[in-house]
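The values are calculated or read from the model by the stated rules, or taken from the named source; none is laboratory data. In this text the structure is predicted, and so the values were computed from the model without any measurement. Positions of Cβ are backbone-derived with ideal geometry, glycine not excepted, and every protein chain shown enters the neighbour counts. We work out accessible area using only protein heavy atoms, side chains counted, and drop any ligands, DNA or RNA first. Shrake-Rupley method; radii C 1.70, N 1.55, O 1.52, S 1.80 Å.
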Amino acid sequence: MTFVEKKAGSRDDESWIVQKFGGTSIGKYPLNVVENVIIPATCHNRVVIVCSARSSSTKSEGTTNTLLQAYRHCLKPDFDHSKTLVQRIRTEHINAAHGYIKSPDPATKLAQEIEDECLQTLRLLQATRTIGHGTSHIRDMIISTGERLACYFLCALLRDRDVVSEVVDFSDIVPSNISTTVNQSFYDKVSTVMAKRINCRQLDGKVPVVTGFFGPIHGGLLTGIGRGYTDFCASLVSVGLHAQELQVWKEVEGIFTADPGKVPSATMIPIISSEEASELTFHGSEVVHHTAMRLVMHARIRIRIKNVLNTQAAGTLVQDDWELSTPSSSLSSSPSLNAVPCLDAPRALAITSKDKILLINIRSAERLRPHSFFAGIFSVLDYWNLSVDLLCTSGVQVSMALHPKVSLITGEDEDDSELIRGDLKSAISQLQEHGNVDLFPKRTIVSVVGKQFKRSLGVTGQIFSTLSENGINVEMIAQGASETSISCVIQEQYADRAVALLHAALVTSLPPKPSVALLEALSEV
């Protein structure tokens, strides 16, 4: 039996599965992606593939970061460095083409596509240099090259294995008559356009391979959505197609109770609510873009985190109360997708951390009315488009923790000594007009995530006591807006130790959680 032969009647032609692959998976393990994930899935469902830009080493050295660096250098005297960076991308992709694709026709076609894309990128960089300044739109056009190259590569691999596929480029998906203000109306309209583009093409029998980069929006996709834009694209595709499931494929088994590289006792979480998963993502764990996750959950589409290196593992299932409370979900097509009962006992589910945090304390220099003081502070944040991770207030003081996302926008890994720069410096200067400003760099946000902490007595006290007993000072703590997390700010040098201590106190010490098999058995009762 070949890859494309299927048992009669085994395929559900009415249901879509959206599979999103990260750049490292496509860069390091493309054969696993194609042979062990995509092709088996096409035997049972209609499948859409959403690609991130390839990364054959680390994310910081991946295609997107390299393109961002090329864009940044094209406006400097060393334009030759921009050309060198594009040449590096070309060489890496050409080598991958000849290394993985055996049939001459797909390999030749892919090599030409790579040449054309890199040449177009060089033209954009040269035009930017000639004009003398860049724009967010040009920057987006340049970085969209990465996702197109990844799609061409994956398509060629599929064709090399007799699977008919087609690249669907979403880099121009946002119509000119759609407002680019990123809100629910934007999500609804763009997801509909995406679904139409997939369906209207003659993709019968083909596997659509979609660019994770999508259309120009106000201020640029990196600024408006962030580096999780491929997750966001996958969620929009899922909503537009009314998909059965969004699968996010990584190189880990699923979501863990802590970073297993730092906490050896961390365990994989089989089932998690979208609230908990969103909090973990927002506070440092690379799970799925938190807004993308909420978008999919709002449409009642489940998310599954899976491992390209162990495709048989169950992974982590992200689902909400609407499904957890439905023992026999009509969406399920296999036993592994059956819904499970909702377990509402308050619990510490996971511990996560976010490094390179800048803590800012602002104390009113005058006895202004509190609302005037706050209005001034928030107007500065709004003007400079600063997103604050944590915020605590009193009548005359505001404390806020934020992450200066320089590397996420420019592709440059900023040095710790240069955390305060650019727009942030200007924002701090304006904040000083409203009061005395104290800055504390090299901080870490440590977050404890679990359902319904407001109903659980003593969790906050246990966090304080665990840290204080081990000589770790809490400089800021936040709880209240979310029932799902408690966060605190500590000095960066204590971060790993704090996560390990809190995991031991709040997670490891709890009774073991029910297994997936037990939960599925309970759902049938």
Accessible solvent surface per residue of region 86-203, calculated while the other protein chains remain in place, 1.4 angstrom probe, Å²: 47 Å²
Principal axes of region 182-275: Cα extent on each, largest first, Å: 49, 38, 21
By average C-beta atoms within 10 angstrom, highest first, the peptides 244-257, 148-161, 491-504: 148-161, 244-257, 491-504
Assigned charges on the beta-carbon of Lys, Arg, Asp, Glu; region 134-252 dipole about Cα centre (debye): 140 debye
Percent of C-alpha pairs per 5 Å bin, region 126-194, short to long: 3, 13, 16, 15, 17, 15, 11, 7, 2, 0
Mean Cβ neighbour count within 10 Å, used as a protection proxy, ranking 383-389, 96-102, 231-237 highest first: 231-237, 96-102, 383-389
Accessible area of Thr508 in the full protein assembly, 1.4 Å probe (Å², nearest 10): 80 Å²
Net charge dipole size for region 37-186 [Lys, Arg +1 and Asp, Glu -1 on Cβ; Debye, nearest 20]: 300 debye
Cα pair distances of region 91-238 binned at 5 Å [whole percent]: 2, 9, 17, 19, 18, 16, 11, 6, 2, 0
Length released on extending from Asn310 to Ser468, taking residue separation times 0.36 nm less the Cα-Cα span: 52.9 nm
Taking region 207-318 and dividing mean pair separation by its residue count, relative contact order in percent (alpha carbons under 8 Å, at least six apart): 31 percent
